[in-house]
1. What's the long-distance tail for the range 317-359, i.e. % of Cα pairs beyond 17 Å?
2. Out of (1) -0.90; (2) -0.61; (3) -0.73, which label holds the value of log10 I(q)/I(0) by the Debye sum over Cα atoms at q = 0.09 Å⁻¹ that was computed here?
3. Taking +1 at the Cβ of each Lys and Arg and -1 at the Cβ of each Asp and Glu, which of 123, 387, 280 sits farthest along the dipole of the chain towards its positive end, judged by Cα position relative to the Cα centre?
4. Based on C-alpha coordinates, I'd like the Rg and Dmax of the range 96-140, in Å.
5. Within the range 359-395, list the residues whose amide N lies under 20 Å from a label point set 7 Å along Cα→Cβ of residue 322.
6. Go ahead and estimate [θ] at 222 nm for the chain from helices alone: -39,500 (n - 2.57) per DSSP H run with n ≥ 4, summed, over the residue count, rounded to 500.
7. For the range 226-320, what's the radius of gyration and Dmax over Cα atoms, in angstrom?
8. Any idea what the relative contact order of the chain is, in percent, if you count C-alpha pairs under 8 Å spaced at least 6 apart?
Amino acid sequence: MWCRRLAWLLKVPCRLTGSTRLRSPWLPHGRRTGLTPAARWHHTAPESLKCAWQLHGDHLELRYANTLMRFDFVWLRDHCRSASCYNAKTNQRSLDTASVDLGIRPKAVRVDETTLFLTWPDGHVTRYGLEWLVKNSYEGQKQQVMHPRILWNAEIYRQAQVPSVDCRSFLETDEGLKEFLQNFLLYGIAFVENVSPTKEDTEILAERISLIRETIYGRMWYFTSDFSRGDTAYTKLALDRHTDTTYFQEPCGIQVFHCLKHEGTGGRTLLVDGFYAAEQVLRQAPDQFELLSKVPLKHEYVENVGDCHNHMIGVGPVLNVYPWNNELYLIRYNNYDRAVINTVPYDVVHRWYAAHRTLTTELRRPENELWVKLKPGKALFVDNWRVLHGREAFTGYRQLCGCYLTRDDVLNTARLLGLQA
């Protein structure tokens, strides 16, 4: 394969710069050879072991900070941060990627203790900081997590004694907002205390961190057991653990609950860390975890109640992971709304049911269940991509209000406060 991928490139020292210049070797009789000289490691200094590099037919190999990285030449040209290729004011690429020759290779390469220098055939020079390359290389990303978090069961969460944030501090100070968001990012749930028990005040609370996502349920909603919508949630019945809006192509990111009134018994809210349960599946049965992350399913919501007529379909696996580091970022689990399984061949269906059973068993372990009694004045924010919620049956009149938030805006607010999100 190397012979067919222009592996005849040869490295010869450049007298003027001390860098490596590339050219095609020729045999004495003018014939090119299909053989490639053995690649040679270059060090930034004879005694340096911190940084070393070597060139191959179609990529640069770089060892730095205990990370071995490989960079395609087109990638190295495409990500150039020079003024003509990248607008540092807008943080946007100016270079037309489609204009880069797919067979491009640098004319000269030089590496010092902190920087990689590449000179291209047209004379353009690209510079990369070595730390930047470690952070942004594929190999570097595999070693990092996108979203740091603490996985929990009921006992872990209770022992952590995660504090609620006071409403006034949340609304009026960056410190209170940052504390709330840090709790939310780490645990997938967070509480705000001393909120006036009205829909209007709950709306103000939600808008502090995000735009409110308007859906088929409206913008802000009241939630009672009047069966005004074609959904089991609008009853007094118990609800098993689930995530919401699995029937959306992109499930809602965050859900806000605020109990405004309850004159009766029962009605405690159930919270389960879906990522904790999935981690147990990964450890016990990695093949089943993989199956749940690859088999696409349909979820469906059909409603014909009063003036509400909707038919929503969302498609995706139960577990969604980033492919480069297998980090879980979304769980789509709702047995109420799962549609007919017709996207899976017969020889996979039974194995999928077994994997689903393993995950369900973990989700239903009593030690994983955190039960919370929502009361007027205490608002709950739930990461709907991670934490499943449910409810025990109740009696009497119970009224909740709430809304869905756009995930991008919540994470944006967190990043602006210096949090990794």
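1. Details: 386 of 903 pairs.
Of all Cα-Cα distances in the range 317-359, 43 percent exceed 17 Å.
2. Of the labelled values, this structure produces (3).
3. 123
4. Here Rg and the maximum Cα pair distance are 11.9, 32 Å.
5. Answer for the range 359-395: 383-387.
6. Roughly -7000 deg cm²/dmol at 222 nm, from the helical runs in the chain.
7. Both quantities, over Cα of the range 226-320: 16.5, 48 Å.
8. Working: 805 pairs, mean separation 80.1, N = 421.
Rounded, it is 19 percent for the chain.
The values are calculated or read from the model by the stated rules, or taken from the named source; none is laboratory data. Since the structure is predicted, the reported quantities are computational estimates derived from the model, not experimental observations. Please note: Cβ atoms are built from the backbone with ideal geometry, for glycine as well, and neighbour counts cover all protein chains shown. Note: accessible area is taken over every heavy atom of the protein model, side chains too, but ligands, DNA and RNA are not part of it. Shrake-Rupley method; radii C 1.70, N 1.55, O 1.52, S 1.80 Å.
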